[in-house]
Amino acid sequence: MPRGFQIGRLFGTDVYATGGFLVLLALYYFMGDSAAGAATWCIAVVLSLLVHEFGHVFAVRWLGGGSSTVLLWMMGGLCIHGPVYHRGKQFGISIMGPLFGFALAGATWLVARYTEPSHPLFLTFLGQVLWINLIWSALNLLPIWPLDGGQALRAVLAAALGGYRAASIVRVISIGTAGAMAYVAHLYGLTIGVLLAIMLLLENLQGAGPSRD
């Protein structure tokens, strides 16, 4: 059972949230320029995270990995499921979250482009959903463990080199990529990006990334 409390059930999957995630949403709300604008941002964040995680959930279900649980926490979302040992299935499960995010971004762009919403708040919401999913999906495809891109890379390398060598290579690539991410985020003044990169860098430096199998 994940740490947190259940906030709902979608498509037969339990959805949990940590207290930290709800505090973060509250901060978004109270720090917003307007109550309506902050509310649309919170809704856009939750919607985007759920779409991303249910991409993993459906992939697990389609590929025979059993049931899943979704957990929303301060750094995003997690799809918690049983072990999947087939490398191709691991790869498919890993990339399906970002693919669902890109699909939502595309659908949002089509709605904005062809329906011409007149209400400014709805237009703002569409813009928020579009950019959240483009940025979050692209970020998750970076070859950094435990992001989706790092997990997908490990699955590919493990199929050819074995689990131990793949884990070592992915950890080195993760450290280099996270370091580059921190540097670029610093250049552009993206404090959140720097903090996220440092967390990912430390996790891999401490050996909390890929394990032997």
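Tabulated results
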read-out: Residue (of Ala160, Val170, Ala103) at the positive-pole extreme of the range 77-213, dipole from beta-carbon charges; value: Ala160
read-out: Rounded tilt (10° steps) of 19-31 against the dominant C-alpha axis of the chain; value: 40
read-out: For Cα extents along the principal axes in Å, calculated from these coordinates, the label among (1) 54, 40, 36; (2) 55, 43, 36; (3) 56, 39, 31; value: (2)
read-out: Simple spin-label estimate for Tyr85 and Ile43 in nanometres, 7 Å along Cα-Cβ; value: 4.6
read-out: Among beta bridges that DSSP assigns inside the chain, antiparallel share in %, nearest 5; value: 75
read-out: J(HN,Hα) series, the range 157-170, from Karplus relation 6.51 cos²θ - 1.76 cosθ + 1.60, nearest Hz, glycine and proline x; value: 5, 5, 5, 9, 10, x, x, 5, 5, 4, 4, 5, 5, 5
read-out: Degrees, to the nearest 10: 120-140 long Cα axis against longest axis of the chain; value: 10
read-out: Nearest-0.05 FRET efficiency for Ala35 and Ala107, computed from C-beta distance (R0 22 Å); value: 0.25
read-out: Carbon and sulfur %, accessible surface of the chain computed with the full protein complex present, 1.4 Å; value: 70
read-out: Table column - 3J(HN,Hα) (Hz), the range 188-200, Karplus curve with 6.51, -1.76, 1.60, x for Gly and Pro; value: 9, x, 9, 4, 4, x, 5, 5, 5, 4, 5, 4, 5
read-out: Residues whose placed amide H lies under 5 Å from that of Ile7, excluding near-sequence neighbours; value: Val15, Tyr16, Ala17
read-out: Heavy-atom SASA rank of Glu53, Glu203, Glu116 (probe 1.4 Å, accessible area, largest first); value: Glu116, Glu203, Glu53
read-out: Test item: Cα-centred dipole of the chain, Lys/Arg +1 and Asp/Glu -1 on Cβ, debye; value: 580
read-out: Label-point separation in nm, Tyr28 to Ser118, each point 7 Å along Cα→Cβ; value: 2.9
read-out: Computed lengthening from Trp62 to Ala138, 0.36 nm per intervening residue step minus Cα-Cα distance; value: 25.0 nm
read-out: Helix-only mean residue ellipticity at 222 nm for the chain, each DSSP H run of n ≥ 4 adding -39500 (n - 2.57), per residue, nearest 500; value: -23500 deg cm²/dmol
read-out: The range 59-213: relative contact order as a whole-number percent, Cα under 8 Å and 6+ apart; value: 18
read-out: Between 0 and 90°, nearest 10: helix 87-115 axis offset from the chain longest Cα axis; value: 20
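The values are calculated or read from the model by the stated rules, or taken from the named source; none is laboratory data. Keep in mind that what you see is a predicted model, and the values were worked out from it rather than measured. Cβ: placed from backbone, ideal geometry, glycine included. Neighbour counts: every protein chain shown. For the accessible areas, the whole protein counts, side chains as well, though only heavy atoms, and no ligand, DNA or RNA atoms are used. Shrake-Rupley method; radii C 1.70, N 1.55, O 1.52, S 1.80 Å.
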